[in-house]
Amino acid sequence: MNSDSGAKTKGRSYDPICGVPVEGSDRTPSSEYKKRRYFFCSDKCKHEFERAAERIRMQEAARAGALFTHGKVRWGLA
């Protein structure tokens, strides 16, 4: 996955479920979660994201370098 998966603008992004590159357009399945627009390769991936959006968002943040401890989120090395 790529940090571009939540891009708000139209253009190239990655499906946060399967990692497939997708073109963000009006016809592409998409969902907005916490003020971020996510694009998907299929309705199946969109529905899977909507069932577990918070868990997927946290996994994305962890891959980007967030450190989760005692209810706090820190970026970079501790």
Those residues of segment 25-53 which are surrounded by 12 or more Cβ atoms within 10 Å (Cβ to Cβ) and closer than 16 Å to Arg12 by Cα, in sequence order: Thr28, Pro29, Ser30, Ser31, Arg36, Arg37, Tyr38, Phe39, Phe40, Cys41, Ser42
Neighbours by Cβ (under 8 Å, 6+ apart or cross-chain): first from segment 55-66, touching a residue at least 40 places away in the same chain (Cβ under 8 Å); second part of a helix (DSSP H, G or I): Ile56/Phe49; Glu60/Ser3; Glu60/Ser5; Glu60/Gly6; Ala64/Ser3
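Read-outs: derived from the displayed coordinates by stated rules, not from any lab. Quantities reported herein were computed from a predicted structural model and do not represent experimental measurements. Backbone-built Cβ (ideal geometry, glycine too); neighbour counts: all protein chains shown.
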